[in-house]
Each structure stands twice: as C-alpha cells, then as structure tokens.
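Written out below as structure tokens is the structure these notes cover.
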Amino acid sequence: MSSIADKIQSVTRRIQNATEAAGRPAGSVHLLAVSKTRPASDIREAVGAGQYAFGENYLQEALDKMADLTDLRQIEWHFIGPIQSNKTRAVAENFDWVHSVDRLKIARRLSEQRPGAQPPLNVCLQVNVDQEASKAGCGLSELHDLAQAVAGLPGLRLRGLMTIPDPAQSPEALQQRFRQLADALAGLRSELPDQPLDTLSMGMSSDLEQAIAAGATWVRIGTALFGARPAKP
Ligand SMILES: *Cc1c(COP(=O)(O)O)cnc(C)c1O
C-alpha cells in the first residue's frame with residue numbers, strides 16, 4: 001500500500017496532466033481532499049504532506065475531527081454534504097466553504113448564522129445536471145432565481161457551482177454534464193458581475209479528467225487519496 005503522501009502526489013500529477021491537456025494555466029485546479037469516514041490521523045498525515053483543504057459530508061463527524069486537529073490552523077474546511085436546517089448554525093460557524101447549497105432557506109440561515117467576526121462564508125450552489133428528481137441539487141431552470149437571491153445575502157460570498165453527475169454514464173456524457181455546469185456559471189457571471197463566481201466544484205476520483213477538461217477549479221477526491229471507504233457511519 002502506498003502512503004497518503006504518495007497518493008497525494010499521484011493525484012496531483014493526474015490534475016497537472018489534465019490541466020495541461022486542457023490548455024489551462026498550471027495551478028488553476030485545486031485539490032479538495034474528501035476525508036469523510038476517515039480518521040483525524042489521516043487528515044494529519046495529509047497535512048504533513050502539504051494538503052490543507054478538506055471536504056466533509058457529515059457534520060458531527062467533521063466537528064469531532066476538528067476538535068482533534070485544532071493545532072493545525074492552516075486547514076481549510078469545506079462542507080460538501082446535504083444540509084438540514086437544524087445543522088446550518090454549526091456549518092456557518094465551523095466551515096470556510098459550503099459546496100452543497102441547493103435551496104434559499106438553507107442559504108438564508110447560513111448567512112444569518114455566519115458569525116460577524118468571520119469573513120463571509122464561501123458558497124457554491126449545487127446543481128443537478130441530470131435532472132433526476134431523486135438527487136440533491138437545484139435544477140438548471142431554478143438556478144437563475146436561486147443565484148440572484150443568494151447574491152443578496154450579506155453573510156455569503158457566491159463563489160460558483162457544484163455538481164455530482166450520475167457516475168453511470170460514459171466519459172463523454174460526463175464531460176458534457178460538466179460543460180453544462182460551466183456554461184451555467186458563465187451565464188451567471190454576466191448577470192451577477194459583482195459576485196466572485198470563480199469556482200466550478202466538479203470531478204471526483206473516477207472523473208477528474210473529464211471535469212478538468214470542462215473547466216473544474218476544485219476537484220473533490222476521496223477514494224484516490226484515502227482508499228475505498230467503509231460503509232457510511
Ligand atoms: C464522497 C464524495 C466525493 C469523493 O468521491 P470519491 O469518488 O471517493 O473521490 C466527492 N464529492 C462529494 C460530494 C462526495 O460526497
């Protein structure tokens with residue numbers, strides 16, 4: 001088994017190769033290490049190898065790990081899982097980014113509950129590009145109204161869009177889904193010129209190449225860094 005440091009290196013190489021192949025500037029794609037279900041010791045090991053951005057899906061699990069890692073002040077925490085209303089306060093207080101905002105009620109609560117002493121919370125709107133009713137994310141047709149409303153919330157900075165396409169599609173079909181998200185971001189940028197809108201959070205262990213070809217700026221990688229996950233705790 002290779003170490004976490006080795007895996008970070010090999011994922012970083014995949015990212016560099018895909019970035020270069022897409023003709024994009026070096027350093028334009030960031031690695032988010034998805035540490036859900038992994039112990040705090042894995043995060044500590046990754047930080048030792050120079051990885052500082054971590055994505056978590058389950059609030060209580062994340063808070064427990066944060067408590068174990070308070071000495072590592074350089075960590076940037078990203079919440080990437082579904083958010084229920086009763087969890088927004090802890091998310092607003094403890095995370096730097098939320099990638100999974102898909103309705104206004106949650107966005108309003110995050111904005112209101114973001115402590116004034118902290119900078120505005122960076123958020124991405126999660127979009128369902130497959131239009132499947134069963135999955136999280138707002139539809140492309142609802143995106144415009146949601147983005148307009150979120151852009152007016154003082155506790156948030158609207159950084160961009162996130163998606164998790166159905167993985168059971170060909171690489172070509174996946175890349176097309178990622179392109180749809182990139183097109184949607186370009187549309188929002190012209191409508192909301194005062195928001196940063198610099199972020200496309202898309203691509204996981206098995207499809208980061210397709211996502212980078214379509215313009216990803218954050219790829220969210222779990223399995224390729226930490227190995228296969230045990231069942232959800
Ligand atoms: C688990 C998860 C990932 C990481 O997926 P891998 O296939 O293990 O790389 C990325 N994004 C989200 C939202 C996740 O829940």
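So what's the net charge close to residue 197: Lys and Arg +1, Asp and Glu -1, counting the other residues with Cβ under 14 Å from its Cβ?
Working: positive: 157, 159, 189; negative: 183, 191, 194, 198.
So the environment of residue 197 carries a net charge of -1.
Can you list the residues, at least 5 places off or on another chain, whose amide H is less than 5 Å from the amide H of residue 157, using H built in the peptide plane?
For residue 157, whose amide H was placed from the backbone, the distant partners under 5 Å are 121, 122, 123.
Counting only other residues whose beta carbon sits under 15 Å from that of residue 86, what net charge do I get with K and R as +1, D and E as -1? Present the calculation step by step, with values, prior to reporting the outcome.
On the way: positive: 87, 89, 103, 105, 108, 109; negative: 93, 112.
Here the count lands on +4.
Quick check on the exposure proxy: order 85, 206 from fewest to most C-beta atoms within 10 angstrom.
Working: 85 10, 206 13.
Ordered from fewest to most neighbouring Cβ atoms within 10 Å, 85, 206 come out as 85, 206.
Output the peptides 67-79, 96-108 sorted from most to least packed, where packing is the average of other Cβ atoms within 10 Å over each peptide's residues. Provide the component values of the computation, followed by the final result.
Numbers: 67-79: 14.6, 96-108: 20.8.
Final packing ranking: 96-108, 67-79.
Setting aside same-chain residues fewer than 8 positions from residue 7, which lysines have a Cα under 23 Å from its Cα?
36, 65, 232
Which of the listed residues, 186, 35, 88, is farthest toward the dipole's positive end in the chain, when Lys, Arg count +1 and Asp, Glu count -1 at the beta-carbon?
Selected residue: 88.
Would you mind counting up the charge near residue 174? Only other residues with Cβ under 11 Å from its Cβ, with Lys and Arg at +1 and Asp and Glu at -1.
Details: positive: 177, 179; negative: 130, 166, 172, 207, 209.
Net of charged neighbours comes to -3.
Between residue 168 and residue 68, what is the spin-label point distance in nm, taking each point 7 Å from the Cα along the Cα→C-beta axis?
The answer from the label model is 3.4 nm.
If you take the C-alpha gyration tensor of segment 152-198, multiply each eigenvalue by 5 and take the square root, what semi-axes do you get, largest first, in whole Å?
Working: eigenvalues 140, 28, 6 Å².
That gives 26, 12, 6 Å for the three semi-axes.
Let me know the whole percent of all Cα-Cα pairs from segment 90-175 that are separated by more than 23 Å.
Of all Cα-Cα distances in segment 90-175, 26 percent exceed 23 Å.
What translational diffusion coefficient, in µm²/s and rounded to a whole number, does the Stokes-Einstein relation yield for segment 1-106 at 4 °C and a viscosity of 1.567 mPa s, taking the hydrodynamic radius as the Kirkwood radius over Cα pairs?
Roughly 86 µm²/s, to the nearest whole number.
List the lysines whose alpha-carbon lies under 17 Å from that of residue 105, not counting same-chain residues fewer than 8 positions away?
87
Normalising by the residue count of segment 1-129, find the relative contact order in percent from Cα pairs under 8 Å and 6+ residues apart.
About 17 percent, as a whole number.
Give the whole-number value, in cubic angstrom per residue, of the convex hull volume spanned by the C-alpha atoms of segment 60-204.
Dividing the Cα hull volume of segment 60-204 by its residue count gives 123 Å³.
Report, please, the projected area of segment 166-222 averaged over directions, based on the convex hull of its C-alpha atoms, in nm².
Mean projected area of the Cα convex hull: 3.9 nm².
What whole-number distance in Å separates the alpha-carbon centres of segment 29-47 and segment 119-179?
23 Å
Where a number appears in this text, it was derived from the coordinates with a stated rule and is not lab data. Nothing here was measured: the structure is a model prediction, and the numbers come from that model. Cβ atoms come from the backbone with ideal geometry, glycine included; neighbour counts cover every protein chain shown.
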